[in-house]
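Report on one structure; see the data block that follows.
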């Protein structure tokens, strides 16, 4: 237990973390859009180095993220996306 | 049983510059040779490769829908390996033939840029980069408090 944590220090301004406004990508959208041929979209979902963004950041459901992973790997094989940046 | 396939073929840019039709005929000829039937075919795109393949930096992609039996894919793979014009190829088995006609890269982007797809294309909005670093810098993701920079102020909209 830390002493004086309540009284001795100025209370830090806190903001609630909200993901309400984020766009969720579920099965329907993933099926329609995640394709190894849709290179600009895949590029937006990967870093400059070609690594996939996290599910949290991309807004993917688990299913959509797996689908995205598969399509990125296909695009890499066809030299549409880099393996390393 | 008839199976439907989607095949993408990466071909040599220099050869394509000489004669694109010849390359297209070469690809469809290979498919026909292994017992497949080319249903639709197009020159998908011409672009700089993400990394050099067999020393080639620019390539031309051909996209084809074709039908065949279960062994067509394996036979095609063997044929493509012998071809010096085709650098890479990817064959996918389609559950059913797509209703819309085959489209090139630019046609596909044109279709996706309008209508409902627009919102999903905008998923990782520009300006999120700062957020990502903030999340990494503050390892308490499970914390109910926001990382240093609040996402609502992160210029996502």
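Return the tail of the calculated pair distribution for region A:27-77, meaning the percent of Cα-Cα pairs more than 15 Å apart. Write out the running numbers ahead of the final one.
On the way: 445 of 1275 pairs.
Everything past 15 Å amounts to 35 percent.
In peptide B:38-49, what is the residue-averaged number of other protein chain Cβ atoms found within 10 Å of each Cβ? Provide the component values of the computation, followed by the final result.
Working: counts 0, 0, 0, 0, 0, 0, 1, 3, 0, 3, 1, 4.
That works out to 1 on average.
For peptide A:68-76, what's the mean number of Cβ atoms from other chains within 10 Å of each residue's Cβ?
Numbers: counts 0, 0, 0, 0, 0, 0, 3, 2, 2.
Other-chain Cβ atoms within 10 Å of each residue's Cβ, averaged: 1.
Mind checking Rg over Rh on region B:3-113, alpha carbons, Kirkwood formula for Rh?
Working: Rg = 13.7 Å, Rh = 14.3 Å.
A ratio of 0.96.
At residue B:14 and residue B:82, where each label point lies 7 Å from the Cα along Cα→Cβ, what is the point-to-point distance in nanometres?
Roughly 2.4 nm, to one decimal.
Read-outs: derived from the displayed coordinates by stated rules, not from any lab. Note that this is a predicted model, so its numbers are computed, not measured. For neighbour counting, all protein chains shown are included, and Cβ atoms are generated from backbone atoms with ideal geometry for every residue, glycine included.
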